[in-house]
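Undergrad: Following this message is one structure expressed as structure tokens.
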Amino acid sequence: MPERPDLDYAVPILGRERASRRIEGVVVKKPVILRLALPGSPADLLVGRSFTDVVRRAHFVLFPLGDIEMVIAPMLAGRLAVHLATQRAPADLAMTLALDDGRQLRYRDDVQMGKVYVIPAGAWNQVPGLERVGLDVLDRAAFTFERFKALARRRKDQAKVFLMDKSALDALGNAYADEVLFEAGIHPKTWVRSLGDEELVRLHRAIPQVLVRAGREIAARAPATDEKVRDFLSVRNRHKTPCPRCGTPIRKAGVHGHDAFFCPRCQPETRKGGIVTWGKLAGVAAPEKDAGAADAEGGPAKEKKRRSPKR
Ligand SMILES: [Zn+2]
């Protein structure tokens, strides 16, 4: 999904390009993405309105349009760009807004998991996950260690799950949560409650470090707004390739329904009671790849049963 560094780069560009442009037409190619909280067709609701701004909020992109608001949740694969109407439409085009300067705002989504909501202005409670947004991790005044520690002390989940909770932290997704944990040297499955002050300090420091570095890299590359630059990441999607720090092959495991990439040497398992893997559960030494697969599928559920019966 486009994550915070992608959106922090793309949203101001979209904002500049769309400022005060009027919507003249709407074509929805993939109706499955649409969620209208108001009566009428997309054209009834949107045509004739002008963009005033484009805003990022957690992993959403908000387009205020007077007394209504269009909210895009790009989810896994959604992306936004402005193109000339004469430019060929890509196969994954989900929705097009024709603008009064002959250009189009295009929303692409090749897995159609993203959503485009049209809601009354400010009715953020109508979009799951939009209303409650956590601490802005790039706001130095807001994201203090004391606040981060207070948040962490309330958590009953694993480090990766905590980092990805946008109602706690604004905002990390799958990719940058992995990168932050690598930077901090913390295993993605570590229970947050087991993290000591020193580890929390590392984690708190790693979050802005990783995001700012990514932001600079993306800005330097200056990709199109619908392009996702990820080739500079250290561990994400680098299964079996050497760790950039120690050379150990990067591993992949499942954490509460998400995949996590990590270096088993730089991010050692620290949970008391040992790691729950297929091999240990079955009482045999599982081959590397089977252990990973079992971890990904059955690991978190079994852990929940064994370790956190009250959750
Ligand atoms: Zn390593």
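The values are calculated or read from the model by the stated rules, or taken from the named source; none is laboratory data. Because the structure is a prediction, the values reported are computed rather than measured. So basically every Cβ, Gly included, is an ideal-geometry build from the backbone, and we count neighbours across all protein chains shown. What goes into the accessible areas is simple: the full protein's heavy atoms, side chains included, and nothing from ligands, DNA or RNA. Shrake-Rupley method; radii C 1.70, N 1.55, O 1.52, S 1.80 Å.
Undergrad: Restricting attention to region 172-192, does a residue exist that is of a type in the set (D, E), buried (at least 22 other Cβ atoms within 10 Å of the Cβ), under 16 Å from the mean Cα position of the chain (by Cα) and under 22 Å from A10 (Cβ atoms)?
TA: Within region 172-192 (the criterion being of a type in the set (D, E), buried (at least 22 other Cβ atoms within 10 Å of the Cβ), under 16 Å from the mean Cα position of the chain (by Cα) and under 22 Å from A10 (Cβ atoms)), the answer is yes, since at least one residue qualifies.
Undergrad: Still on this structure, I have one more. Is region 68-84 home to any residue that is farther than 30 Å from K166 by Cα, part of a loop (DSSP other than H, G, I, E, B) and open to solvent by 60 Å² or more (accessible area, probe 1.4 Å)? Working first, answer last.
TA: Going residue by residue through region 68-84, those that are farther than 30 Å from K166 by Cα are 83-84.
Those still in the list that are part of a loop (DSSP other than H, G, I, E, B) too: none.
No, region 68-84 contains no residue that is farther than 30 Å from K166 by Cα, part of a loop (DSSP other than H, G, I, E, B) and open to solvent by 60 Å² or more (accessible area, probe 1.4 Å).
Undergrad: Working only within region 14-25, note down all residues that are out of contact with any Asp or Glu (no Cβ under 9 Å at 6 or more places or on another chain) and at pLDDT 95 or above.
TA: Within region 14-25, just G25 meets the criteria.
Undergrad: Would you pick out the residues in region 230-255 that are in a loop (DSSP other than H, G, I, E, B), in contact with an Asp or Glu (Cβ under 7 Å, 6 or more places away or on another chain) and more than 13 Å from the ligand (Cβ to nearest atom)? Full working, then the answer.
TA: First, the residues of region 230-255 that are in a loop (DSSP other than H, G, I, E, B): 230-241, 243-248, 250.
Now restrict to residues that are in contact with an Asp or Glu (Cβ under 7 Å, 6 or more places away or on another chain): 232-236.
Residues satisfying the conditions are F232, L233, R236.
Every residue, every condition in (1) under 17 Å from I119 (Cβ atoms); (2) within 21 Å of the chain's Cα centre (by Cα), yes or no:
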position: V11; (1), (2): no, yes
position: E17; (1), (2): no, no
position: I23; (1), (2): yes, no
position: V27; (1), (2): no, no
position: K30; (1), (2): no, no
position: R35; (1), (2): yes, yes
position: R49; (1), (2): yes, no
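Undergrad: Of all residues in region 201-227, which are open to solvent by less than 50 Å² (accessible area, probe 1.4 Å) and polar (S, T, N, Q)?
TA: T225
Undergrad: Right, something else. I'd like the residue in region 88-97 that is surrounded by fewer than 17 Cβ atoms within 10 Å (Cβ to Cβ) and touching a residue at least 12 places away in the same chain (Cβ under 8 Å) and, out of all such residues, is farthest from P74 (Cα to Cα). Don't jump to the end; show me each part of the working.
TA: Applying the first criterion (surrounded by fewer than 17 Cβ atoms within 10 Å (Cβ to Cβ)) to region 88-97 yields 88-91.
Going one step further and asking which of them are touching a residue at least 12 places away in the same chain (Cβ under 8 Å), we end up with 89-91.
Numbers: A89: 18, P90: 17, A91: 17 Å.
The extreme case among them is A89.
Undergrad: Looking at region 228-263, which of the residues that are crowded, with 19+ Cβ neighbours inside 10 Å and among the aliphatic types (A, V, I, L, M) is nearest to P2 (Cα to Cα)?
TA: L233
Undergrad: In region 120-165, how many residues are under 15 Å from L211 (Cα atoms) and surrounded by 13 or more Cβ atoms within 10 Å (Cβ to Cβ)?
TA: In the first step, residues of region 120-165 are kept if they are under 15 Å from L211 (Cα atoms); the result is 135-140, 143, 163-164.
Among the residues that remain, those that are also surrounded by 13 or more Cβ atoms within 10 Å (Cβ to Cβ) are: 135-138, 143, 163-164.
Here the count works out to 7.
Undergrad: What number of residues in region 13-42 are part of a helix (DSSP H, G or I) and either surrounded by 14 or more Cβ atoms within 10 Å (Cβ to Cβ) or of a type in the set (D, E, K, R) (or both)?
TA: Initially, region 13-42 is screened for residues part of a helix (DSSP H, G or I), giving 13-18, 31-33, 42.
The next check asks that each one be either surrounded by 14 or more Cβ atoms within 10 Å (Cβ to Cβ) or of a type in the set (D, E, K, R) (or both); those that pass are 13-18, 33, 42.
Of the residues in that region, 8 qualify.
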